[in-house]
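So the structure is just underneath, and the comments pick up after that.
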Amino acid sequence: MSRQHSRSGQCNYIFMSKFRTAYVSISFFLLACIVMSSGCGKNEAKVPEERVMNVKVWAVEQKSLRPFVETIGTLKPYEEVIVSSEVDGIVKNLRVNEGSPVSRGTVLVELNETNYRHEMNRDDAVLRQAEASLANAKLEYERKAALYKEELVTKQQFDDISARLALTAGELDRARANLSLAKEKLTKTKIYSPLQGIVREKKVTTGDYVRNGSQLLWIVKSDPIKLSFTVPEKEVGKLKAGQDVMFKVDSFPDTEFKGLLSTIYPSLEEKTRTLQVEALVPNHDAKLKPGLFAKVTLYTGQSKDIVIVPITAVLYEDSRVKVFVAEGDRAKERPVKIGSKYGEYLEILEGLQKSEIVVVVGQNNLAEGVKINVAR
């Protein structure tokens, strides 16, 4: 009886031990599942969602364009001159006003010529007297020369008439010079226009007393008219006389004017590193006025086929120049070599082909391989 009881107790003990072992195993298994489940949930929460950048794109184009330089210029007279008086006198008649058109040879100003006419008449009388004296001296010389050959007059008498003849000849030359000068002064009491143009400014009025060298009028010639502008140093090698120049002025915003490059200055401006040049522009109707500002386009070559992109597509990073190309839904960085500027576009010499898609808005926020969404 006691042996059976002991065996039964052993069986109960073994059963309880196995039960506890199974219970602990199941508990560890359930705990591990909970931990793993919790860990998996945390890992999934840590994976960030990929960021997508909104951009705008543009298809690379190939166009036939003429290389050009854009700049700002100023219109200037073709010629201008300050007309001055060459004699003293009172302004008797001023025949023009500001804005008056004048031709070469037009009488502009008349000075009072009374004193100069009297001086001319006086010198004319002196000249006639000198001519008479010379004629008498010549007759006397011829008579004395004949007598001297026959030894009827002394050598001293002959030398005296010879000296008098030379003296009267000199007086005649001086009288002629004085008369010529008096006539020239008289003619200078009328001041003529040296060129065809327009009176820009009057500096005297009727009744003013002027001296030799006094400024009277300012005259400008504006047909053709000069267009003066500067070109950057890097473009200087492309300049040639006769190149086409197109420009617009604010006074006539819908009109494009054309001229030809005429003057290339010999040296650059050191401070700005630019070269001064000039173009001549026909101005028959006088629409263009000196002093107007102009938006200038200078064409420096013939048309050629080039690859272009908007300026906004190009990024500068130290010495590198690059763009971002859209390939599928990804942005790809592309180094490029740029050429001339054509208004809002840049020439691409290397790195892009026609029809490739470049990012033109939003590229500053891009990096290699970033996912993009093309905004419509």
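The values are calculated or read from the model by the stated rules, or taken from the named source; none is laboratory data. Note that this is a predicted model, so its numbers are computed, not measured. Positions of Cβ are backbone-derived with ideal geometry, glycine not excepted, and every protein chain shown enters the neighbour counts.
In the stretch 332-339, the count of residues that are of a type outside the set (K, R), modelled with pLDDT under 90, surrounded by fewer than 18 Cβ atoms within 10 Å (Cβ to Cβ) and under 33 Å from the mean Cα position of the chain (by Cα) is one or more. Identify the residue in the stretch 97-126 that is under 50 Å from the mean Cα position of the chain (by Cα) and among the acidic types (D, E) and, among all such residues, is surrounded by the fewest Cβ atoms within 10 Å (Cβ to Cβ). The residue in question is E98.
Against the conditions (1) modelled with pLDDT under 95; (2) part of a strand (DSSP E or B), N364 satisfies every one except (2).
Residues that are within 60 Å of the chain's Cα centre (by Cα) and not small (G, A, S) were ranked within the stretch 140-178; the one that is surrounded by the most Cβ atoms within 10 Å (Cβ to Cβ) is N178. In this structure, does K240 turn out to be more than 13 Å from the chain's Cα centre (by Cα) and surrounded by fewer than 12 Cβ atoms within 10 Å (Cβ to Cβ)? Yes; evaluated as a whole, the condition is true for this residue. Taken residue by residue, the stretch 303-324 has no member that is within 30 Å of V102 (Cα to Cα) and surrounded by 14 or more Cβ atoms within 10 Å (Cβ to Cβ).
Condition check ((1) part of a loop (DSSP other than H, G, I, E, B); (2) under 30 Å from L292 (Cα atoms); (3) among the small types (G, A, S)) across all residues:
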site: V83; (1), (2), (3): no, yes, no
site: I90; (1), (2), (3): no, no, no
site: V96; (1), (2), (3): yes, yes, no
site: N115; (1), (2), (3): no, no, no
site: E142; (1), (2), (3): no, no, no
site: L165; (1), (2), (3): no, no, no
site: R176; (1), (2), (3): no, no, no
site: E184; (1), (2), (3): no, no, no
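Of note, V374 does not satisfy the criterion of being surrounded by 18 or more Cβ atoms within 10 Å (Cβ to Cβ) and either closer than 15 Å to M53 by Cβ or hydroxyl-bearing (S, T, Y) (or both).
Screening T206 on (1) surrounded by fewer than 16 Cβ atoms within 10 Å (Cβ to Cβ); (2) outside the structural domain of K289 (by TED's automatic domain parsing); (3) of a type in the set (S, T, Y) shows it passes everything except condition (2). Return a yes/no flag: does the stretch 323-336 have any residue that is part of a strand (DSSP E or B) and closer than 30 Å to Y299 by Cα. Yes, there is a match, as at least one residue in the stretch 323-336 is part of a strand (DSSP E or B) and closer than 30 Å to Y299 by Cα. Within the stretch 259-297, being loosely packed, with under 12 Cβ neighbours inside 10 Å, closer than 30 Å to K234 by Cβ and free of Cβ contacts under 8 Å to residues at least 40 places away in the same chain holds for P266, S267, E270, K271. Within the stretch 325-370, the residues that satisfy the criterion of being touching a residue at least 60 places away in the same chain (Cβ under 8 Å) and either among the aliphatic types (A, V, I, L, M) or not assigned by TED's automatic domain parsing to the domain that holds T312 (or both) are A326, A331, I348, L352, I357, V358, V359, V360, V361, L366, V370. Looking at the structure I just gave you, is S162 closer than 30 Å to S222 by Cβ and either of a type outside the set (K, R) or not assigned by TED's automatic domain parsing to the domain that holds K295 (or both)? So S162 fails the test.
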